[in-house]
Amino acid sequence: MGRRWYRFCVGMTLLMAWLSGALMLAGAAHAADDTRPVLKVAYAEFPPIEYRNDKGEAAGLFIDLTRKVADEAGYALEFIYLPVGRIYLYLKNGTVDLWPGLTGIPSLHDDVLESWASPLPVQLSAWYVDGTPPLAHFRDLEGRRLIVIGGYTYGGLLGKLQAAKNVEITEAPNHRAGVDMLKRNRGDYLLDYRQPVMEILRQPSDRMLRQSEVRTRNTAWLFSLVNHDASDLREAFDDAYLRLAERGEIPPVRELSTGFVIPGFPEDLAP
């Protein structure tokens, strides 16, 4: 895991540097242009990928990239900050047009179109305190207490875990609460994504945390099928992404990664 983790960190550092440098050069060319179609974009608290900053504005790597791609495609954006569960609902009923989110969400399978472009990888981990055995196989969860983040389905994994009678599940309202519950022995493992957890590990007692890789997932733009132009929007975003990549204004197009999956992972959820 050490070598994979090193490569992942180096890749994310280079990607963040590239995005920051490229996106800082993007001007507000359309700031005064109110004739462009406006798309309602949902976003959640998932730093550094997407989050609401101290000014109450949408921020993050994927948010910045969404602004740039939408600008290239000829669209203006209105960002709406929501809990993840509400994002699912708003995509289903068409309250929002799109979400820069994760691919392969079973509950959204018939409700969204995913972009072909996938700008970023996201790693799901099982976090634990020093002294707890690493999670090497999914059967290691048997008889254990598992903390999950409220509103997250983990790409359908939560339903499988809830159906397992020998896994005790406790819900935390957010990433920081999940980490604190783990340190207070409210659970044996915390199932949470690597990037947002790494962003909040600032307390001295956080040094006791360890992690086991569970699954690699991909990001994409998810377009609500309630919007009759969803197919055209996906094509416009994918084409804009390709043009920007060809001009060297954003990182090169990455191949969708099958990624890492921990042994014993439910086969119907594997990427």
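Nothing in this text is a laboratory measurement; each read-out follows from the coordinates by a stated rule. These numbers were taken from a predicted model, which means no experiment stands behind them. We place every Cβ from the backbone using ideal geometry, glycine too, and count neighbours over all the protein chains shown.
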In the range 97-170, the trypsin sites (Lys or Arg not before Pro) that sit in a DSSP loop and have at most 15 other Cβ atoms within 10 Å of their own Cβ are LYS165
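Can you tell me the order of 118-129, 169-180 when each peptide is scored by its average per-residue count of other Cβ atoms within 10 angstrom, highest first?
Details: 118-129: 22.0, 169-180: 17.9.
Descending packing order for the listed peptides: 118-129, 169-180.
Show me the trypsin sites (Lys or Arg not before Pro) within the range 200-271 that DSSP assigns to loop and that have at most 12 other Cβ atoms within 10 Å of their Cβ.
On the way: sites: ARG202, ARG207, ARG210, ARG215, ARG217, ARG234, ARG243, ARG247, ARG254; in loops: ARG202, ARG247, ARG254.
When the trypsin sites (Lys or Arg not before Pro) of the range 200-271 are filtered for loop state and at most 12 Cβ neighbours within 10 Å, ARG202, ARG247 remain.
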Within the range 187-210, whose backbone N sits under 19 Å from a point 7 Å along Cα→Cβ of LEU269? 187-197
Connecting C-alpha atoms closer than 10 Å in a GNM of the chain, tell me which of ALA42, ALA117, ALA136 has the biggest fluctuation. ALA136
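Using DSSP, restrict attention to beta bridges with both residues in the range 123-215 and report what percent are antiparallel, rounded to the nearest 5.
Working: 10 of 17 bridges.
Here the share of antiparallel DSSP bridges comes out near 60 percent.
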MRE, 222 nm, helices only [DSSP H, n ≥ 4, -39500 (n - 2.57), over the chain, to nearest 500]: -10000 deg cm²/dmol
Cα axis of helix 230-246 to longest principal axis of the chain: angle in degrees, 0 to 90, nearest 10? 90
Cα-based helix-to-principal-axis angle, 84-93 vs the chain, degrees rounded to 10: 50
Would you mind computing, in nm to one decimal, how far apart the modelled labels at ARG254 and ARG202 are, each placed 7 Å from Cα along Cα→Cβ? 2.6
Given Cβ point charges of +1 (Lys, Arg) and -1 (Asp, Glu) and nothing else, what value in debye, to the nearest 20, does the dipole of the range 123-215 about its Cα centre take? 40
For LYS55, give me every one of the aspartates and glutamates with a C-alpha distance below 17 angstrom, ignoring sequence neighbours fewer than eight places off in its own chain. GLU45, ASP64, GLU78
